[in-house]
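Quick notes on the structure that follows.
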Amino acid sequence: MEDNDLGILRSLSVEDAETSGGGFPGWVGNIAGSLRTDNPAYQQAWTPYMTAISKIIALNQITNGGPIILVQSENEFSAGTGRSDYMQDIINLYRANGIMIHIRYLLAITENDQHGGAAGNFSPDLPGTGRVNIYCGDSYPQSTRWTQVQAVYYSDHEAVAPSNPLCLAEFGGGWLLGWASAPRGGTGYEMFSKAFPVSYSQTSFNQFITATDLSGPAYEDIFYKENYAQTATIMNIYSAYQV
């Protein structure tokens with residue numbers, strides 16, 4: 001990070017659907033019982049890593065002069081039997097190892113779901129175990145075609161987390177493409193969207209756009225502004241770059 005940059009840390013035992021096995025090391029697949037639950041065998045597996053990384057986070061959080069302002073406890077995960085206790089175990093470990101900054105959670109949303117932040121999993125304003133400090137949603141309104149803006153973030157947020165700022169912690173800055181989704185010679189989604197231009201009528205803005213980049217300036221101008229209009233004060237673009 002550059003000097004004076006602030007960051008949100010995603011220090012999870014699982015990463016995302018775009019990596020092999022969700023980012024789990026291969027040996028985790030040999031653990032008996034369910035993963036991402038309060039299964040004792042799984043807890044034994046994640047505790048050493050999360051203990052080590054949480055101590056590093058604590059040393060570099062903003063309260064100690066570092067750049068980390070938020071830390072994530074889980075990702076795209078729903079509350080439920082065994083799962084909520086597991087979430088609370090992570091939060092307790094973070095706190096025990098000196099993390100004082102707010103803990104956030106990224107809500108589970110499927111492809112192009114219009115309800116980013118609607119379910120209220122682990123919201124501090126709802127009852128239950130595993131509640132975090134700042135509740136966030138994710139949303140990917142754009143995929144391999146131009147779509148309408150999603151006008152439900154504010155109303156959904158007010159229904160489940162009204163005391164929190166509206167946080168879109170994983171807002172679509174790109175899209176995943178499987179192998180051989182487009183001819184070789186490009187750099188994945190960016191070159192795919194440039195190679196297959198589409199036209200899009202955004203009637204609410206009274207304009208017609210020929211899009212040659214599904215995540216470029218035209219997309220940003222419309223979709224980011226719509227988020228701000230819905231009072232989003234925390235917005236993280238996912239992802240600008242992945243390897």
Based on the Cα coordinates of the stretch 1-94, what is the per residue volume of their convex hull in Å³?
109 Å³
Stretch gain in nm, segment His102-Val28, where the contour uses 0.36 nm per residue and the Cα spacing is subtracted:
23.8 nm
Distance between modelled label sites at Thr147 and Thr19, nm, 7 Å Cα→Cβ extension:
2.5 nm
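Read-outs: derived from the displayed coordinates by stated rules, not from any lab. On a predicted model such as this, the values are computed, not experimentally measured, just so you know. Every residue, glycine among them, receives a Cβ derived from its backbone with ideal geometry; neighbour counts consider all protein chains shown.
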